[in-house]
Structure formats: structure tokens, C-alpha cells
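To keep things clear, I will list the structure first and then write my remarks on it.
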Amino acid sequence: MQIKLGDREYEIKYPFAACREIERASGRSITTFVYEAINRATSGDVSFDDITLLVWGGILHIRRNISLDQVAVQLEELADEKPLLNVFVDCAVELRNSLDAKLKFEEPAAEEKN
């Protein structure tokens, strides 16, 4: 997914390092963070901190040194063009899909006995 912040277009991605940074910043495991966020979003209960954190984490792979405060300022401008609840849900779904791919469990193949 793509997002425009300021005058730049970013691809939102959640590699392993970004997930770790979100955990550190939120004080929660990444799975708890995303599933709680999605559940709250369905009822319209979203915090500005969570929106900022999700977008920030999603662009860290491109802008490693961008701060949460810098993202928050840029989200203010984006809010004039697109509802931030939509941005939040889109990012949360992207993060959930990334986690599903990273954390899926596969049974080890049974070893054949001779």
C-alpha cells in the first residue's frame, strides 16, 4: 500500500525491524497491538498515537530516522485529504497480513523411517 506524507510517497511495509520498533514504542507485543487496534477501529475507537505509530512503523524501512512527532505533523496534512480512520485501517490490515506471513506455524515434516 502507498501513502503520501508531505511531498513524498511511501510504500507501507512492516519488516521485522519495524515490528520490533512498534513493540518498543507501544509497550505491547506486535500481535496484541495490531489485533487490539483492529478491534477498536471497527467501533471507531482509535487513538492518534496508534495512527501515528502504525504509519511511522510502516515507513521506517525507508525513513529510518523519522520521528513519531514528524509523522504526526505530516498526518495532520494528510487528514485534509483522506480520513485518518481509513489510513489506520489500511495500515492495520497491512500489518496483520505481514504478521500472518511471518508468524504462521507449519508442522515439521515427519521424518521417514527406514
Only one of the listed values, (i) 33, 26, 21; (ii) 67, 31, 24; (iii) 59, 29, 24, was derived from the coordinates as Cα extents along the principal axes in Å; which label is it?
(ii)
Share of the range 25-114's accessible area from carbon and sulfur, percent, 1.4 Å?
48
Packing-wise, with mean Cβ within 10 Å as the measure, how do 53-60, 30-37 rank, highest first?
53-60, 30-37
Under a 10 Å cutoff between Cα atoms, tell me which one of 62, 22, 51 has the largest fluctuation in the Gaussian network model of the chain.
62
Among all lysine pairs in the chain that are eight or more places apart or on different chains, how many have alpha carbons less than 28 angstrom apart?
7
With an 8 Å cut-off on Cα pairs and a minimum separation of 6 or more residues, tell me the relative contact order of the chain in percent.
34
Dipole magnitude of the chain, debye to nearest 20 (Cβ charges: Lys/Arg +1, Asp/Glu -1, about Cα centre):
280
Against the longest alpha carbon principal axis of the chain, how many degrees, from 0 to 90 and to the nearest 10, is the axis of helix 48-59 turned?
60
Counting other Cβ atoms within 10 Å, which trypsin sites (Lys or Arg not before Pro) in the range 2-100 have at most 11 and lie in a DSSP loop?
64
Over the range 1-78, with the other protein chains present, what is the accessible area per residue in square angstrom, probe 1.4 angstrom?
54
Quick one: length gained pulling residue 4 to residue 80 fully straight, 0.36 nm per residue minus the C-alpha distance?
26.2 nm
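The values are calculated or read from the model by the stated rules, or taken from the named source; none is laboratory data. These numbers were taken from a predicted model, which means no experiment stands behind them. Here the Cβ is made from the backbone with ideal geometry for all residues, glycine too, and neighbour counts use every protein chain on show. Ligands, DNA and RNA are stripped out before the accessible areas are found, and what is left, the full protein with its side chains, is counted by its heavy atoms. Shrake-Rupley method; radii C 1.70, N 1.55, O 1.52, S 1.80 Å.
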